[in-house]
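Here is the structure we will look at.
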């Protein structure tokens, strides 16, 4: 188990706890402000994914560069990696694939297969959730127009995204371990 996976398991708990808080205050009807917990849970789950990708890549590059650590080449590559990771936002399937190919020569998206998911379906689903995360962050609440609007994310969707991200991280970690 990678250190990145261990860190992820700690980080994803925030999303789990936000869902638990939503459930705890959910009444019929739920308070109007309860929806913020679901949006925050979505953001936290996908932030845990982003952090995992960054940590896992950094961890593997540290191993690969151990022999040249402190040299001009080693420092140059690490500096470039850190620069690229600072700009690595909204890690959809294409961005994730590209950065792992560039640094490790590995298309991690090919390893995204588990129960009910093949790589293509996993890529599509990740891209969907990343888009929804952007909506949650940048368009958190619709303007009041007098008409009730649908919530950005339903309770069961949040549960699904958390489970999906956990499975995605496990599949990615296993794929990397078996290829490197």
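Restricting to region 1-17, and then to whatever is under 15 Å from residue 160 (Cα atoms) and in contact (Cβ under 8 Å) with a residue 60 or more places away in the chain, can you tell me which residue is surrounded by the fewest Cβ atoms within 10 Å (Cβ to Cβ)? Top of the filtered list is 16. Only one of the numbered conditions (1) closer than 29 Å to residue 137 by Cα; (2) free of Cβ contacts under 8 Å to residues at least 60 places away in the same chain is violated by residue 49, and that is (2).
Of the residues 126, 37, 106, 101, the single one that is closer than 19 Å to residue 157 by Cβ and at pLDDT 95 or above is 126.
What do you reckon, is residue 139 closer than 27 Å to residue 17 by Cα and either buried (at least 18 other Cβ atoms within 10 Å of the Cβ) or at pLDDT 95 or above (or both)? No.
Within region 87-97, the set of residues being touching a residue at least 12 places away in the same chain (Cβ under 8 Å) and outside any helix (DSSP H, G or I) comprises 88, 89, 90, 91, 92. With respect to the conditions (1) surrounded by fewer than 16 Cβ atoms within 10 Å (Cβ to Cβ); (2) within 20 Å of residue 4 (Cα to Cα); (3) under 21 Å from the mean Cα position of the chain (by Cα), residue 46 lacks only one, and its number is (1). Within the option set 80, 121, 63, 132, being closer than 27 Å to residue 13 by Cα and surrounded by fewer than 17 Cβ atoms within 10 Å (Cβ to Cβ) holds for one residue only, 121. Scan region 52-86 for residues that are outside any helix (DSSP H, G or I) and either in contact (Cβ under 8 Å) with a residue 12 or more places away in the chain or closer than 17 Å to residue 167 by Cα (or both) and the total you get is 1.
The values are calculated or read from the model by the stated rules, or taken from the named source; none is laboratory data. None of the values given here were measured: they were computed from a predicted structure. Positions of Cβ are backbone-derived with ideal geometry, glycine not excepted, and every protein chain shown enters the neighbour counts.
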